[in-house]
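Visitor: So that we are looking at the same thing, I have put the structure below in structure tokens.
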Amino acid sequence: MKNEILNLLPEINLIGDPNLRDLTLTIWTDAVARGGWTPADLVRMPFTLLIKKVHVNLIEHTRAVTTTALKIGEILNQSYPGQVKVDRDVLLAGGILHDVGKLFEYARENGVFVKSREGELLRHPVSGAAFAFKYGLPQEILHIIAAHSKEGDGSRRTIEAVIVNHADFVNFDVFKE
């Protein structure tokens, strides 16, 4: 299963710290298993249930958010040396894991993806951060998962969390009806 996840999310290999790379892969792999999904399900799973006519899957969205965030981080580091320091590994892991909770927020009924009972009670930023917590994921990355959506509005976000939040909404808002 880990090789299949790596094939779907090759950005995991961009994480420099081998322990964080393995932890990110393990969390995704275990979340797929806990959600009862297969890798084939992930490429059919919509990235959102809020937009009805979107044909972007969760994997495409995750990769786009991660790549967008990475580019933003690189530009900020280059543009403001000594003033802004974006941690590349934290940014990568946060981008890759930001929507892992959707594996619990969604269910499939009669071949259609719908909000699960768990998803009705806990949105994906909360369930994703709670799931990743048990693996000992660094707090900075848990913070990104928990704060990447409206749940983080009004609170202080780290620079990496700000970047993932904006990268996520850019990749959402372009599909709004």
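Any read-out appearing in this document is the output of simple, stated calculations on the displayed coordinates, not a laboratory observation. Computed from a prediction, not measured in an experiment: that's the story for all the values here. Positions of Cβ are backbone-derived with ideal geometry, glycine not excepted, and every protein chain shown enters the neighbour counts.
Visitor: Hey, among LEU91, LEU70, LEU6, which residue is within 20 Å of ILE163 (Cβ to Cβ), within 15 Å of the chain's Cα centre (by Cα) and surrounded by fewer than 21 Cβ atoms within 10 Å (Cβ to Cβ)?
Guide: Numbers: LEU91 fails: surrounded by fewer than 21 Cβ atoms within 10 Å (Cβ to Cβ); LEU6 fails: within 20 Å of ILE163 (Cβ to Cβ).
None of the other options fit; the residue is LEU70.
Visitor: Would you mention how many residues in the stretch 102-145 are within 14 Å of the chain's Cα centre (by Cα) and under 27 Å from LYS52 (Cβ atoms)?
Guide: 11
Visitor: Another question, if that's okay. Looking only at residues in the stretch 52-67 that are of a type in the set (A, V, I, L, M) and crowded, with 22+ Cβ neighbours inside 10 Å, which one is farthest from PHE131 (Cα to Cα)?
Guide: Filtering the stretch 52-67 for residues of a type in the set (A, V, I, L, M) gives 54, 56, 58-59, 64-65.
Restricting the remaining residues to those that are crowded, with 22+ Cβ neighbours inside 10 Å gives 58, 65.
Values: LEU58: 18, VAL65: 20 Å.
In this case the residue turns out to be VAL65.
Visitor: Can you tell me how many residues in the stretch 138-152 are surrounded by fewer than 22 Cβ atoms within 10 Å (Cβ to Cβ) and in a loop (DSSP other than H, G, I, E, B)?
Guide: Number satisfying all stated conditions: 2.
Visitor: A further question on this structure: Of the residues that make up the stretch 85-103, is at least one more than 23 Å from GLY136 (Cα to Cα) and not acidic (Asp, Glu)?
Guide: Restricting attention to the stretch 85-103, the residues satisfying the condition of being more than 23 Å from GLY136 (Cα to Cα) are 85.
Cutting the leftovers down to not acidic (Asp, Glu) gives us 85.
Yes, the conditions are met somewhere in the stretch 85-103.
Visitor: Testing PRO125 on (1) out of contact with any Asp or Glu (no Cβ under 6 Å at 6 or more places or on another chain); (2) over 14 Å from GLU160 (Cβ atoms), one condition comes back false. Which one is that?
Guide: All conditions are met except number (1).
Visitor: Hey, another quick one. Identify all residues within the stretch 13-25 that are surrounded by 13 or more Cβ atoms within 10 Å (Cβ to Cβ), of a type outside the set (A, V, I, L, M, F, W, C) and closer than 12 Å to ILE96 by Cα; write none if there are none. Spell out the reasoning first.
Guide: From the stretch 13-25, those surrounded by 13 or more Cβ atoms within 10 Å (Cβ to Cβ) are 14-15, 17, 20-25; that's our starting set.
Add one more test, that the residue is of a type outside the set (A, V, I, L, M, F, W, C), and what stays is 17, 21-22, 24.
Within the stretch 13-25, ARG21, THR24 qualify.
Visitor: Answer yes if at least one residue in the stretch 37-52 is touching a His at 6+ places or on another chain (Cβ under 8 Å) and either within 20 Å of ILE159 (Cα to Cα) or assigned to a helix (DSSP H, G or I) (or both), and no otherwise.
Guide: No, the conditions are met nowhere in the stretch 37-52.
Visitor: Also: Would you call ALA40 exposed (fewer than 15 other Cβ atoms within 10 Å of the Cβ) and either farther than 20 Å from PHE133 by Cβ or more than 12 Å from the chain's Cα centre (by Cα) (or both)?
Guide: Details: exposed (fewer than 15 other Cβ atoms within 10 Å of the Cβ): yes; either farther than 20 Å from PHE133 by Cβ or more than 12 Å from the chain's Cα centre (by Cα) (or both): yes.
So ALA40 fits the description; yes.
Visitor: When you scan the stretch 153-162, how many residues do you find that are within 28 Å of LYS53 (Cβ to Cβ) and surrounded by 19 or more Cβ atoms within 10 Å (Cβ to Cβ)?
Guide: Going residue by residue through the stretch 153-162, those that are within 28 Å of LYS53 (Cβ to Cβ) are 153.
Among the residues that remain, those that are also surrounded by 19 or more Cβ atoms within 10 Å (Cβ to Cβ) are: none.
Counting residues in the stretch 153-162 that are within 28 Å of LYS53 (Cβ to Cβ) and surrounded by 19 or more Cβ atoms within 10 Å (Cβ to Cβ) gives 0.
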